[in-house]
Amino acid sequence: MSTSINNDGSLQLNRSRASFYQIQGQLNISQRNKIIMILCDFGTEMISVDRDESFWLKHIFPKLSRDPLYIKLFRLKRKAEKSKI
């Protein structure tokens, strides 16, 4: 199951699922703070997922920082940001 129930009864996306990794990657790369998802498993539920920078730094960024494509894209982004100044 991709969700679990919090103490307050709200749904939470399981942190061990690939979808959580994907969402955290997208939130951190795009510098967004939150995403609101609509799930349609056994009815319709809305889940808000906040960006978790510590999760990003511990679990995702170390893998990306070794990826040649990510390094190239990061350098291009930095170069574009410097040219705007």
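With only Cα atoms counted, the chain has Rg and Dmax values of 15.9, 50 Å. Quick check on the chain: helices-only [θ] at 222 nm, where DSSP H runs of length 4 and up contribute -39,500 (n - 2.57) each and the sum goes over total residues. Nearest 500, please. Using -39500 (n - 2.57) per qualifying helix, the result is -12000 deg cm²/dmol. Listed values for region 52-65 are Karplus-derived 3J(HN,Hα) couplings in whole Hz (6.51 cos²θ - 1.76 cosθ + 1.60, θ = phi - 60°), namely 10, 5, 5, 5, 4, 5, 7, 10, 10, 4, x, 6, 5, 5, and x replaces Gly and Pro. Take every Cα pair under 8 Å whose residues are at least 6 apart in sequence, average their separation, divide by the length of the chain, and the relative contact order is 18 percent.
Quick one: Cα convex hull volume of region 42-85, Å³ per residue? Kindly include the intermediate steps, with their values, before the conclusion.
Numbers: hull volume 7.0 nm³, N = 44.
Considering the Cα atoms of region 42-85, their hull volume per residue is 159 Å³.
3J(HN,Hα) along region 16-29: 8, 7, 4, 5, 5, 4, 4, 5, 5, x, 5, 5, 6, 5 Hz, from the Karplus curve 6.51 cos²θ - 1.76 cosθ + 1.60 with θ = phi - 60°, whole Hz, x for Gly and Pro. Checking every one of the trypsin sites (Lys or Arg not before Pro) in region 17-84 against DSSP loop status and a limit of 10 other Cβ atoms within 10 Å picks out Arg66. Can you find, among Gln12, Ile38, Gln22, the residue farthest towards the positive end of the dipole of the chain? Put +1 on the C-beta of Lys and Arg, -1 on that of Asp and Glu. The one lying farthest along the dipole's positive direction is Gln22. Per atom type, the chain shows carbon and sulfur on 55% of its accessible surface, probed at 1.4 Å. Sorting Leu73, Leu39 on solvent-accessible area from highest to lowest, probe radius 1.4 Å, gives Leu73, Leu39.
Heavy-atom accessible surface of Met46, to the nearest 10 Å², is about 130 Å², with a 1.4 Å probe and all protein chains retained.
Could you do me a favour and compute the accessible area per residue for the chain, 1.4 Å probe, result in Å²? Working shown, then result.
Details: 6830 Å² over 85 residues.
Accessible surface, normalised per residue, equals 80 Å².
Ranked by solvent-accessible area (1.4 Å probe, protein heavy atoms only, all chains present), the residues Tyr70, Tyr21 order from largest to smallest as Tyr21, Tyr70.
The values are calculated or read from the model by the stated rules, or taken from the named source; none is laboratory data. What you are looking at is a predicted structure, and each value in this text was computed from that prediction instead of being measured. Virtual Cβ from ideal backbone geometry, glycine too; neighbours counted across all protein chains shown. Please note that ligands, DNA and RNA were not included when accessible areas were found on the heavy atoms of the full protein model with its side chains. Shrake-Rupley method; radii C 1.70, N 1.55, O 1.52, S 1.80 Å.
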